[in-house]
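Take a look at the structure below.
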Amino acid sequence: MGFGAILAVAVVITLLGVTLVFAALRNDQAISAHLGTANAQVDQVLFDRTIIRFETPDGVAHSPENGVLYPGGLSAGQLIRIEYDTTDPELAKVAGRTWLLTLLPVGSTVLIMWLIAGPLLWWLRSKLRAERRASPVAAEAEAPTP
């Protein structure tokens with residue numbers, strides 16, 4: 001992998017992390033703007049989502065397709081309190097949990113990525129500089145003398 005490719009991957013991962021944090025903040029603001037609360041049953045805890053089921057005051061049962069936000073520490077069969085967007089009950093989070101919970105995992109991921117990419121980029125840059133310095137000398141040595 002070249003210098004540009006590694007830098008591009010690092011920048012993309014950083015931008016994805018920042019986007020994820022802002023998306024969590026936007027979701028929390030949407031829920032707060034049209035706040036509804038309910039008790040929910042945790043149906044399944046999967047690798048990529050935690051599926052819950054709850055009823056809104058109108059008696060309609062909801063099970064958000066993408067699961068509940070901030071599901072850390074939940075287990076199947078557990079009863080939990082949730083907050084949801086009354087205009088879009090598919091958007092639900094565990095009550096009392098906020099976008100701030102995304103800062104640690106996203107921040108850790110971005111930090112570790114830069115701790116790996118930074119020294120690698122520095123080494124590649126040093127190597128490229130050394131090759132550039134060596135190139136004119138090598139070209140002069142190979143050139144025929146009159």
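What to note about this one:
- Gyration tensor (alpha-carbon) shape descriptor, the chain, a/c threshold 1.5: prolate
- Mean Cα-pair separation over length for the chain, i.e. relative contact order, pairs under 8 Å, 6 or more apart, %: 26 percent
- Whole-percent carbon and sulfur share, accessible surface of the chain, 1.4 Å: 65 percent
- Taken about its Cα centre, the range 39-105 carries a charge dipole of about 320 debye when Lys and Arg each add +1 at the Cβ and Asp and Glu each add -1 at the Cβ.
- Between the beta carbons of T37 and L104, assuming R0 = 35 Å, the FRET efficiency works out to 0.85 to the nearest 0.05.
- Calculated FRET efficiency for the pair S135/R53, C-beta based, R₀ 41 Å, to 0.05: 0.05
- Cα-based helix-to-principal-axis angle, 3-33 vs the chain, degrees rounded to 10: 20 degrees
- Tilt relative to the chain, helix 103-142 - C-alpha long axis, 0 to 90 degrees, to 10: 10 degrees
- Fluctuation leader among R26, R133, R53 - the chain, Gaussian network, Cα springs under 10 angstrom: R133
- Tensor-based shape of the range 56-126 (alpha-carbon gyration tensor, a/c under 1.5 rounded, otherwise prolate or oblate): prolate
- Rounded, prolate or oblate (a/c below 1.5 giving rounded, otherwise prolate when a/b exceeds b/c) for the range 1-45 by Cα gyration tensor: oblate
- Computed about the Cα centre, the dipole magnitude for the chain is approximately 720 debye when only Lys and Arg (+1) and Asp and Glu (-1) carry charge, each at its Cβ.
- For the chain, with +1 on Lys and Arg beta carbons and -1 on Asp and Glu, the positive-most of H62, N27, I80 along the dipole: N27
- Amide H contacts of A95: R81, I82, E83, each under 5 Å away and 5 or more positions distant or on a separate chain (H built 1.01 Å from N in the peptide plane; Pro and chain starts excluded).
- In the range 41-113, the GluC sites (Glu not before Pro) that fall in loop regions by DSSP, at most 10 other Cβ within 10 Å: E65
- For the range 4-90, accessible area per residue (1.4 Å probe, heavy atoms of protein chains only), Å²: 58 Å²
- Over the chain, DSSP H runs of length four or greater, each weighted -39,500 (n - 2.57), average out per residue to a 222 nm ellipticity of -18000 deg cm²/dmol.
The values are calculated or read from the model by the stated rules, or taken from the named source; none is laboratory data. The structure displayed is predicted, hence computed values, not measured ones. Neighbour counts run over all protein chains shown; Cβ positions are idealised from the backbone, glycine included. The accessibility values were calculated without ligands, DNA or RNA, using every heavy atom of the protein model including side chains. Shrake-Rupley method; radii C 1.70, N 1.55, O 1.52, S 1.80 Å.
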